[in-house]
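The values are calculated or read from the model by the stated rules, or taken from the named source; none is laboratory data. For clarity, every value in this text was computed on a predicted model and none was experimentally measured. A quick note on method: Cβ atoms are made from the backbone with ideal geometry, for glycine too, and the neighbour counts reach across all protein chains shown.
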Amino acid sequence: MFNAFFKARPRLRAVLFGLAICAPSLAVGVGAALAQDAAPAAAFVSDRLSVEVEGQGPDVILIPGFGSSREVWRATADRLKATHRVHRVQLAGFAGEPWRHGDGPFVQPVVDDLDRYVRERGLSRPAVVGHSMGALIGLILAQQHPDAVGRLMSVDSLPFFSALFGPQVTAQSAAPFADQAGAAILETSDDDFRAAQAASAAGFSRDPATQAQIVAWSLAGDRRAMATAIREVMTTDARPGLAAMTTPVTALYAADADGGAPAALADATWSREYAALPGVELVRIDGSRHFIMADQPQRFAEALDAFLAD
């Protein structure tokens with residue numbers, strides 16, 4: 001089932017996966033949060049993430065996806081900082097952020113440190129916006145620590161990544177393919193890795209500048225972190241916790257008739273996988289691949305403003 005999917009839908013796979021893919025299988029911090037108060041608080045110390053803060057107003061936390069830099073949120077932050085306090089997260093091991101944890105774990109320590117960040121910074125139920133893997137992290141954060149998330153926007157991400165291979169797939173059946181994905185990241189030569197990233201970037205965005213950024217961020221990442229993260233994302237199923245969630249969730253997803261995910265397939269997949277989540281708002285963004293904020297910036301901005309205004 002997995003191999004047939006890979007061969008039949010390479011471009012669709014790239015768009016839907018929400019993770020950088022390395023052919024022939026798959027591919028693709030320490031810091032301080034700058035307080036905006038008159039008397040700055042002590043620096044937030046973490047070896048799992050760093051945070052940059054801009055602006056004043058209601059708090060919005062922006063989490064990038066697999067392999068990405070926080071700079072994926074630059075245009076969004078520049079627009080929001082006039083009315084919001086924006087917290088741009090960078091995950092350790094991605095896009096040049098140092099990684100000190102060998103082969104893992106990845107996801108749960110990030111969730112734990114995001115919860116600690118919210119508490120130490122005294123944030124009151126901030127809005128959280130996550131792209132791809134960043135949205136999965138935000139979803140788990142909302143499930144485990146509902147007081148840490150006032151509302152969540154998931155940008156082109158599912159609660160179980162490997163459900164893209166079909167509704168019959170489980171975390172257990174996905175495990176061998178997750179191991180293969182991690183091994184591919186670690187074992188591919190530098191030249192082949194670079195070529196694969198360049199070849200696959202078009203599946204993630206229609207925008208040439210964003211495609212170049214995707215490649216650069218992947219090459220700057222720590223492959224041990226990336227291998228660990230892809231294994232965990234492919235085998236992490238957050239669907240069992242959906243029914244009990246009370247956090248409002250808006251899930252944006254991409255459809256692109258010109259080489260991306262067909263609208264009917266995207267509709268069916270997102271509707272099926274979020275079916276158990278009470279009150280979820282599903283919003284399809286047409287003419288976009290995985291990086292919705294780059295491919296359809298105006299429609300993304302409108303959807304984000306509506307989400308923050310609710």
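Can you find, within segment 140-175, the residue that is nearest to the chain's Cα centre (by Cα) among those that are farther than 21 Å from residue 227 by Cα and part of a helix (DSSP H, G or I)?
Per the criteria, the residue is 141.
Please specify each residue of segment 176-199 satisfying the condition of being under 22 Å from residue 102 (Cβ atoms), of a type outside the set (Phe, Trp, Tyr) and in a helix (DSSP H, G or I).
Those that are under 22 Å from residue 102 (Cβ atoms), of a type outside the set (Phe, Trp, Tyr) and in a helix (DSSP H, G or I): 176, 178, 179, 180, 181, 182, 183, 184, 185, 186, 187, 190.
Looking at 198, 212, which one is more than 16 Å from the chain's Cα centre (by Cα), surrounded by fewer than 20 Cβ atoms within 10 Å (Cβ to Cβ) and at pLDDT 95 or above? Let's see the steps before the verdict.
Numbers: 198 fails: at pLDDT 95 or above.
After applying the criteria, what remains is 212.
Could you grab me the full set of residues in segment 200-226 that are part of a helix (DSSP H, G or I) and within 15 Å of residue 96 (Cα to Cα)? So that I can check it myself, show each step before the final result.
Restricting attention to segment 200-226, the residues satisfying the condition of being part of a helix (DSSP H, G or I) are 200-203, 208-220, 223-226.
213, 214, 215, 216, 217, 218, 219, 220, 223, 224, 225, 226, listed by residue number.
Could you check residue 237 against (1) surrounded by fewer than 21 Cβ atoms within 10 Å (Cβ to Cβ); (2) of a type in the set (D, E, K, R); (3) in contact with a helix residue (DSSP H, G or I) (Cβ under 9 Å, 6 or more places away or on another chain); (4) more than 20 Å from residue 130 (Cβ to Cβ) and say which number it fails?
Only one criterion in (1) surrounded by fewer than 21 Cβ atoms within 10 Å (Cβ to Cβ); (2) of a type in the set (D, E, K, R); (3) in contact with a helix residue (DSSP H, G or I) (Cβ under 9 Å, 6 or more places away or on another chain); (4) more than 20 Å from residue 130 (Cβ to Cβ) is unmet by residue 237, namely (4).
Taking segment 220-268 as the region of interest, how many residues are of a type in the set (D, E, K, R) and over 16 Å from residue 157 (Cβ atoms)?
The first filter runs over segment 220-268 and keeps only residues of a type in the set (D, E, K, R), leaving 222-224, 231-232, 237, 239, 256, 258, 267.
Those still in the list that are over 16 Å from residue 157 (Cβ atoms) too: 222-224, 231, 256, 258.
The total comes to 6.
Please determine, by comparing only the residues of segment 133-147 that are touching a strand residue (DSSP E or B) at 6+ places or on another chain (Cβ under 7 Å) and closer than 15 Å to residue 69 by Cα, which one is surrounded by the most Cβ atoms within 10 Å (Cβ to Cβ).
Result: 134.
If the requirement is being under 26 Å from residue 174 (Cβ atoms) and either at pLDDT 95 or above or surrounded by fewer than 20 Cβ atoms within 10 Å (Cβ to Cβ) (or both), which of these qualifies: 228, 246, 250? First the steps, then the outcome.
Numbers: 246 fails: under 26 Å from residue 174 (Cβ atoms); 250 fails: under 26 Å from residue 174 (Cβ atoms).
Testing whether each residue is under 26 Å from residue 174 (Cβ atoms) and either at pLDDT 95 or above or surrounded by fewer than 20 Cβ atoms within 10 Å (Cβ to Cβ) (or both) leaves just 228.
Check residue 125 against each of (1) charged (D, E, K, R); (2) part of a loop (DSSP other than H, G, I, E, B); (3) within 17 Å of residue 46 (Cβ to Cβ) and name the one condition it does not meet.
Failed condition: (3).
Does residue 60 satisfy being farther than 26 Å from residue 159 by Cβ, buried (at least 17 other Cβ atoms within 10 Å of the Cβ) and either modelled with pLDDT of 95 or more or hydroxyl-bearing (Ser, Thr, Tyr) (or both)? Show your work before the answer.
On the way: farther than 26 Å from residue 159 by Cβ: no; buried (at least 17 other Cβ atoms within 10 Å of the Cβ): yes; either modelled with pLDDT of 95 or more or hydroxyl-bearing (Ser, Thr, Tyr) (or both): yes.
So residue 60 does not fit the description; no.
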